[in-house]
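One structure is given below, encoded as structure tokens.
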Amino acid sequence: MTDQTSNAMWGGRFAAGPDAVMEAINASIGFDQRLAAQDIAGSRAHAAMLAATGILSHSDAEAIREGLLTVLSEIEGGDFAFSPALEDIHMNVEARLKEIVGEAAGRLHTARSRNDQVATDFRLWVRDQIDAADAGLAALQRALVAQAEAGADLVMPGFTHLQTAQPVTWGHHMLAYVEMFARDRGRLADARRRLNECPLGAAALAGTGFPIDREMTARELGFDRPTANSLDAVSDRDFALEFLSAASICAMHLSRLSEELVIWASAQFRFVRLSDRFSTGSSIMPQKKNPDAAELIRAKIGRILGATMALFTVMKGLPLAYSKDMQEDKEQVFDAADALMLSLAAMEGMVRDMEANAPALEAAAATGFSTATDLADWLVRELGLPFREAHHVTGRLVAAAEAKGCDLPDLSLAEMQAVHESIRADVFDVLGVHNSVASRTSYGGTAPARVREQVAAWKERLG
């Protein structure tokens, strides 16, 4: 395809085509070919609307719509020759359509511009990614709920500052991530609702004088309504920024879970066993089993957050309406979406396959004076001490146990009474880790009964 042919596609004003450097910087077909299915869906809807409004004959519209299906089939079958000289997916499709149906193809672009066309294509593509990400998150939630159900009674240490704080249940810990990913799904759903307006018919920036039916094309493409302002329609990329922002928060959550899996799988913790499917070995150390999948997911936040900042930077200084800078919107979004979907799939597999090491978890839960808060609560509840005094007494008991080299339940009653004479033998009923978690029955608490309630609620919600 010659430069003159490329020039002919977008107007007669220029006597000479762009040189090689201009062609290279101007062309987007190397990446926007990923919009092919959405581009063809938008063109088919546009052709149907042009025929319904009498702008295009029904015979031409039918030929165009059938020809577009042929083009889509060629693209999906790998038989389509994309040309950088034709710049973008729109011109590549239109040029091939002309070869198939002839001059009728030239009528397809009536009452639209590449500005509203790409805005529509990109919204459709992002909408598809939101739906795919939501499905991936739901699958991950189901895997976490299955872990929670299996470990509703399993005791483990709960941490603050990565220091042992209080005993919790494995199920409660798993459900914390279910809640996080639910918020991610909510953000994606919110973004989808705002995204779901159709720019097609906004044309270059001012609308069109043709009697088009924008409601029809919006319905045909599954949008809730057409966009209300043509300037905004072609220059808006908020929908992509919202998707990237939600993806960044989700990737951060995935990174936090990855960090825990990396720590938990270490020889020092031994809290979980990760399956061989999501681990690798060392080229020199035969004993190693590395949690590489978790580490790579942990790193994906860098790509996704970087894409978010890149698009913010592209958009921040653009006056209305369309500027060619906006061609730099897609590669970042494509890369971020790929990274997010791969991370979700890998995390879902890891969570499904991992095995909690119950003895190691329970042993760790009983260390670090994890039931000190239970002791302080008992002093308040049973002896009527003000909490600050109970806190002080408990601190002295912790110091006594530390000096003896034991944990709180291992102190004798006499040793406890030496700190506070009113302490009774039934204090030991609250010091075991199982007693501790069972007592946390407040709504949202770690008690096994509460965990099972939440598991049942989530199973019903997730289907």
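The values are calculated or read from the model by the stated rules, or taken from the named source; none is laboratory data. These figures come from a predicted structure and were not determined experimentally. Glycine gets a Cβ as well: all are built from the backbone with ideal geometry, and neighbour counts include every protein chain shown. Just so you know, the surface numbers come from the protein's heavy atoms only, side chains and all, with ligands and any DNA or RNA stripped out. Shrake-Rupley method; radii C 1.70, N 1.55, O 1.52, S 1.80 Å.
Give me the accessible area of Trp458, 1.4 Å probe, in Å² rounded to the nearest 10.
10 Å²
Taking the DSSP beta bridges in the chain as the whole, what percent of them are antiparallel, to the nearest 5? All intermediate terms of the calculation are to be shown ahead of the outcome.
Working: 9 of 11 bridges.
Of the beta bridges lying entirely in the chain, close to 80 percent run antiparallel.
Rounded to whole Hz and in sequence order, give me ³J(HN,Hα) for region 398-404 from the Karplus expression 6.51 cos²θ - 1.76 cosθ + 1.60, θ = phi - 60°, writing x for Gly and Pro.
These are the phi-based 3J(HN,Hα) values: 4, 4, 5, 5, 5, 5, 7 Hz.
Starting from the amide H of Phe369, placed 1.01 Å from N in the peptide plane, find each other amide H under 5 Å away whose residue is 5 or more places distant or on another chain.
Leu408
Can you give me the relative contact order of the chain as a percent, contacts being Cα pairs under 8 Å and 6 or more apart? Provide the component values of the computation, followed by the final result.
Working: 665 pairs, mean separation 75.8, N = 463.
After rounding, I find 16 percent.
Could you give the C-alpha radius of gyration of region 115-363 expressed as a fraction of 2.2 N^0.38 Å, taking N as the number of residues it contains?
Normalised Cα radius of gyration, region 115-363: 1.24.
Would you kindly state how much longer the chain becomes between Ala176 and Asp429 on full extension, computed as 0.36 nm times their sequence separation minus their alpha carbon distance, in nm to one decimal?
On the way: separation 253, 0.36 × 253 = 91.08 nm, distance 2.77 nm.
Taking Ala176 through Asp429 to full extension adds about 88.3 nm, to one decimal.
Run the numbers for Ala414 and Asp325: contour at 0.36 nm per residue of separation, minus the present Cα-Cα distance, in nm.
Values: separation 89, 0.36 × 89 = 32.04 nm, distance 7.69 nm.
Gain in length upon complete extension: 24.3 nm.
Ordering Tyr322, Tyr443 from largest to smallest accessible area (1.4 angstrom probe), what's the sequence? Intermediate results must be reported in sequence, preceding the final value.
On the way: Tyr322 70, Tyr443 180 Å².
Accessible-area ranking of Tyr322, Tyr443, largest first: Tyr443, Tyr322.
Can you check what the net charge comes to around Ala447, using other residues whose Cβ is under 12 Å from the Cβ of Ala447 (Lys, Arg +1; Asp, Glu -1)?
Numbers: positive: Arg440, Arg450, Arg452; negative: Asp153, Glu453.
Once all neighbours under 12 Å are counted, the net charge is +1.
Where the convex hull is taken over the Cα atoms of the chain, what is its projected area averaged over directions, in nm²? Please list the in-between numbers first.
On the way: hull surface 119.3 nm².
Taking a quarter of the hull surface, the average projection is 29.8 nm².
Which cross-chain or sequence-distant (5 or more) residues have an amide H under 5 Å from the amide H of Val272, H modelled 1.01 Å from N in plane?
Answer set, sorted by chain and number: Ala265, Asn357.
Gly158's amide H: which non-local residues (gap 5+, or another chain) put their own amide H closer than 5 Å, with H modeled 1.01 Å from N in plane and none for Pro or chain starts?
Ala165, Gln166, Val168
Between Asp131 and Thr70, what's the calculated FRET efficiency when r is the beta-carbon distance and R0 is 35 Å? Round to 0.05. List each step's numbers first, then the result.
Working: r = 27 Å, r/R0 = 0.77.
E(calc), rounded to 0.05, equals 0.85.
Which distance in nm do the two modelled labels at Ala360 and Lys289 give, with both placed 7 Å along the Cα-to-Cβ direction?
That separation, rounded to one decimal, is 0.9 nm.
How would Ile304, Ile75, Ile25 line up by accessible area, probe 1.4 Å, largest first? Provide the component values of the computation, followed by the final result.
Numbers: Ile304 0, Ile75 30, Ile25 130 Å².
Sorted descending by solvent-accessible area, the residues read Ile25, Ile75, Ile304.
Taking K and R as +1 and D and E as -1, what net charge do the other residues with C-beta under 11 Å from the C-beta of Arg352 add up to? Provide the component values of the computation, followed by the final result.
On the way: positive: Arg142, Arg277; negative: Glu348, Asp353, Glu355.
Cβ neighbours under 11 Å give a net charge of -1.
Read phi for every residue in region 200-210 and hand back ³J(HN,Hα) as whole Hz from Karplus 6.51 cos²θ - 1.76 cosθ + 1.60, θ = phi - 60°, with x for Gly and Pro.
Those phi angles translate into 4, x, 6, 6, 5, 5, 10, x, 9, x, 6 Hz.
Would you mind counting up the charge near Asp325? Only other residues with Cβ under 11 Å from its Cβ, with Lys and Arg at +1 and Asp and Glu at -1.
Values: positive: Arg237, Lys316, Lys324; negative: Glu328, Asp329.
Net local charge, Asp325 excluded: +1.
Just to verify a number: FRET efficiency for Val380 and Ala449, C-beta to C-beta distance, R0 = 30 Å, to 0.05? Each step should come with its number before you reach the end.
Details: r = 23 Å, r/R0 = 0.77.
It comes to 0.85.
Rounded to the nearest 0.05, what FRET efficiency do Leu231 and Ala24 have when you use their Cβ-Cβ distance and R0 = 30 Å? Mind showing how you got there, number by number?
Details: r = 30 Å, r/R0 = 1.01.
Step by step, r from the Cβ atoms, then E = 0.50.
Going by average Cβ neighbours within 10 Å, how do the peptides 324-337, 408-421, 146-159, 239-252 rank, with the highest at the top? Mind dumping the intermediate values first?
On the way: 324-337: 19.0, 408-421: 15.1, 146-159: 21.1, 239-252: 22.8.
Taking the mean over residues of other Cβ atoms within 10 Å, the ranking is 239-252, 146-159, 324-337, 408-421.
So how tilted is helix 292-315 from the main axis of the chain? Cα-based, degrees 0 to 90, rounded to 10.
It works out to around 50 degrees.
Per 0.36 nm of contour for each residue apart, how much would the distance between Arg219 and Ser442 grow if the chain were fully extended, relative to their Cα-Cα spacing? Can you show the working numbers first?
On the way: separation 223, 0.36 × 223 = 80.28 nm, distance 4.78 nm.
So the chain would gain 75.5 nm between Arg219 and Ser442.
Could you check the spin-label model distance between His392 and Met252? Points 7 Å from the Cα along Cα→Cβ, value in nm.
Simple spin-label model gives 4.1 nm for this pair.
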